[in-house]
Amino acid sequence: MGNENANSTKRQRGFPWFGVGFLVLVCGFIGILFTDIPAKVNRSLKALMQSRQPAEEVDRKTIELQIEQRLRAEMEIKLERELAEIRQQNTEQEPEPATPQPLPLGPVSDVRKLRSGIPFKTEVVFEQGGIASEERVNDESYVAQYTLKLKLPAAATTISDLEKANPKLSKILPSLPGLLEKAEVSKWYNKLYTNKSERVRRDANALNELLTKHNIYDCETILNLKAANGRKVFFMQAEMDVVSDGSDGDRLPVMPDEIVNSTHYQPFTSYGWPKKTTTPNPMIAGLERRIASANTELAAAATPVERKTWLKDRIAELNRYITDLKSRSYLIAEYDPFIVISVNLLTDRSDPYAPKVGDYAVVIHGETLYPCIVGDGGPTFKVGEASLRMAKEINPTASPYSRPVSDLKITYVIFPGSAEEKKGPPDLKVWREKCQALLTEIGGLGENYTLHEWKDLLAKPEPVVPPVTPAVEPPVAPQ
């Protein structure tokens, strides 16, 4: 709005028209976004879960709650970013020149890199036209041509390609070269890049912010391997992003205020189990405060109708979260080692190689092997993500905002169909033993290689038993 007015006829002085316009724009923008968020969430949720078939081993309700919360968080972050851009435009608005300026006719070129890392070359050509009422209905008066080129990568399939990421792979897993001889590229590799390309096409058509180059090329390969004894392996090479979700009142009854009161922190992971104690989940207190605040705003007469609609939907969502957290516990990313797999794999029932929630996995970085499980579901257009506990073990500087490994140097060895029938709190010693047995089924580890031993950071200390002081027999009196 401000840019269009900058080239218009001189406005009247004395009244802040730009400020009024800015306020109207912001209010309208908020109203449209808040009105549309529930509908967008429902549409996206239906699209992600539409192909899902009933399955006892995956908690459908938890995955739906996760998807819903992630969609809302993405939309609210987008809202905050776009409002910040509007405010920035306001502060950068140049004062209107005192005298009329000539029209900026001719071509204007620009070459820069977008925030997504994509080189972007543009040329805008300004020409003198007729009167505005004629040019408004002329299809040729305002025309854009936009070409975006994206090379879709091929999957790595040979040991030489895989060892570009980790030269020690065939020493760590001596059977790997033999397994690769009959390996097949997983259908999920092509599906991943199809999802990426469809997202890029959609965002490019709408001139939205695009996936970064880093997130486009985040996966080196996904292969289906099968040992002679029939043991299947979902083998993936990718980067590692960080997830910091999850909560469990039984093991961690107190969490920092910045997490409890966060509007973006997810209290769930896909891997969950029935609560073992009556200790309340610490996230419930923050959710209840948000409901109270929403009810106060809902009761205010000045709250717009669109905002009230959004608040009612939000309150219903938060109440669903509370109901769930009163009966179930989840992994905690800061304390539990687990990896994240795209939600469409977790919910697929047609591919025997597709990992499921709770399947055992081994993450290889350098010469270290980390036993873990598939603990959470992630977006369908990116891969390579692990819990904060795993990330910090690999790189102590890792955080929710800083990935431990940016290059495609992480190998994920996942054993589909290996999940325990009954889920429960992490038992890191058992996880290590199970992963060791599964690796043995596919040929075992190379000489001098062993699995990392995780320390349970939430284990209750053993009670200290004071030493027993032997009783001193009284001296026997002489006879």
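Where a number appears in this text, it was derived from the coordinates with a stated rule and is not lab data. Only a predicted model underlies this, so the values are computations on that prediction, with no experimental measurement involved. Here the Cβ is made from the backbone with ideal geometry for all residues, glycine too, and neighbour counts use every protein chain on show.
Relative to 2.2 N^0.38 Å, what does the C-alpha radius of gyration of region 311-352 come to as a ratio? Two decimals please.
Cα-based Rg divided by the globular estimate yields 1.66.
Give me the net charge for the shell around Met240: Cβ to Cβ below 10 angstrom, other residues only, Lys and Arg +1, Asp and Glu -1.
-3
Order the peptides 162-173, 294-305, 381-392 from the highest to the lowest mean number of other Cβ atoms within 10 Å of their residues.
Sorting 162-173, 294-305, 381-392 by mean packing, highest first, produces 381-392, 162-173, 294-305.
Using the Cβ atoms and a cut-off under 11 Å, what net charge is assigned to the surroundings of Ala156, where Lys and Arg are +1 and Asp and Glu are -1?
-2
At 0.36 nm per residue, minus the direct Cα-Cα distance, what do Lys276 and Asn295 gain on full extension? Give it in nm, one decimal, please.
3.6 nm
Suppose R0 equals 22 Å; then what is the FRET efficiency for Thr323 and Asp257 from their Cβ-Cβ distance, rounded to the nearest 0.05?
Computed FRET efficiency for Thr323 and Asp257 comes out at 0.45.
Would you mind getting the Kirkwood hydrodynamic radius of region 257-329 from its Cα pairs, rounded to one decimal in Å?
For region 257-329, inverting the mean 1/r across all distinct Cα pairs yields 13.4 Å.
What's the exposure ranking of Tyr360, Tyr401, going from fewest to most Cβ atoms within 10 Å?
Lowest count first: Tyr401, Tyr360.
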